[in-house]
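Peer 1: For reference, the structure I am asking about is given below.
The values are calculated or read from the model by the stated rules, or taken from the named source; none is laboratory data. Computed from a predicted structure; not experimentally measured. Glycine also receives a Cβ, built like all others from the backbone with ideal geometry; neighbour counts cover every protein chain displayed. Only protein heavy atoms, including side chains, enter the accessible area calculation; ligands, DNA and RNA are left aside. Shrake-Rupley method; radii C 1.70, N 1.55, O 1.52, S 1.80 Å.
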Amino acid sequence: MFYKLCNTSSLFDVENELNTKFRYPKLYEQKSIINGKYESNLPVITSEDPNSINYAIWGLLPPSYDGDWEDFQEITNTLNTYITYNQLNEEIYADSFDKRRCLIVVNGFFTAKLHKGKLHPHHIHLKEHKPFCIAGVYNKIEDGFLTCSLLVTNSELGSKYLPNMGIQKPLIFKKKDFSTWLNTSYNFEQLKPLIANHDRYEFISHPIEHDFYKNPKVFKQITESHHYKSVMRIAHQ
């Protein structure tokens, strides 16, 4: 389960790296920790509007849903969606895999490794904390807001080992595959070769303080490099 993301990139860096403009630039916020357990907005590029960056609430809701986000997420967590699970709730997902795919803009996420009986959280990011995109699906609910879920798969993130409790990883594409992923001329079945064989980034993994998942308020600036210096690197074994 991936429910903590990071986006400390400036608006200029996001637009420059992705060669895409924000539809509502004044709404953009840099956040060291985006906690999916609380209702949060994520920058997204959608198949409906692939030429601009919009915003979506993290946690997919059914298109017809008109209740509270918190109530729905208490019943069924849709922050992450495992793409090989074949019994997804049709009322929630409907045609999203075929017609409503998106790219979720971040510049890091958090994992944890079990080492000698203890969990060791890690911050995962690219060199220089550059922004990148996690593949997702989205719905538009009745009030017009977008809601999204990031996609996870068993495929490797890159050739280097990255610490994680399970084999599932976020599905992350490089820019050259963005247009294919967002193109609704392809259904999800036709995109399976891309998912299995896409080019992958080489990510960097930094260990962070053990209490990160217990008390994240302490670590609002954890993504700044000087916070890593006092933390012992856990051997990748």
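Peer 1: For residue 51 and residue 202, calculate 0.36 nm times their separation in residues minus their Cα-Cα distance, and state this gained length in nm to one decimal.
Peer 2: Once the chain is fully extended between residue 51 and residue 202, it gains 51.7 nm.
Peer 1: What is the calculated FRET efficiency for residue 174 to residue 27, with r their C-beta to C-beta distance and R₀ = 30 Å, to the nearest 0.05?
Peer 2: Using R0 = 30 Å, I get an efficiency of 0.70.
Peer 1: Sort segment 170-212 into rounded, prolate or oblate with this rule: let a ≥ b ≥ c be the square roots of the eigenvalues of the Cα gyration tensor; rounded if a/c is under 1.5, and if a/c is not under 1.5, prolate when a/b is larger than b/c, oblate otherwise.
Peer 2: Note, shape of segment 170-212 comes out prolate.
Peer 1: Here's another thing I want to ask about it. Give, in nm to one decimal, the length gained when the segment between residue 189 and residue 114 is fully stretched (0.36 nm per residue of separation minus the Cα-Cα distance).
Peer 2: In short, 23.5 nm is gained.
Peer 1: Nearest 5 is fine: what % of DSSP beta bridges in segment 1-82 come out antiparallel, could you say?
Peer 2: 80
Peer 1: Under 19 Å Cα to Cα from residue 113, which aspartates and glutamates show up? Leave out anything in the same chain fewer than 8 places away.
Peer 2: Cα-Cα hits under 19 Å: 156, 202, 209, 211.
Peer 1: First check a/c for segment 1-106, with a ≥ b ≥ c the square roots of the eigenvalues of its C-alpha gyration tensor; if it is under 1.5, answer rounded, and if not, answer prolate when a/b is larger than b/c or oblate otherwise.
Peer 2: Here segment 1-106 falls in the prolate category.
Peer 1: Still on this structure, I have one more. With a ≥ b ≥ c the root eigenvalues of the C-alpha gyration tensor of segment 31-70, is it rounded (a/c under 1.5), prolate (a/b larger than b/c) or oblate?
Peer 2: oblate
Peer 1: DSSP loop chymotrypsin sites (Phe, Trp or Tyr not before Pro) in segment 1-65 with at most 14 other Cβ atoms within 10 Å of their Cβ, which ones?
Peer 2: 38
Peer 1: Got a number for the accessible area of residue 70? Probe 1.4 Å, square angstrom, nearest 10.
Peer 2: Solvent-accessible area, nearest 10 Å²: 90 Å².
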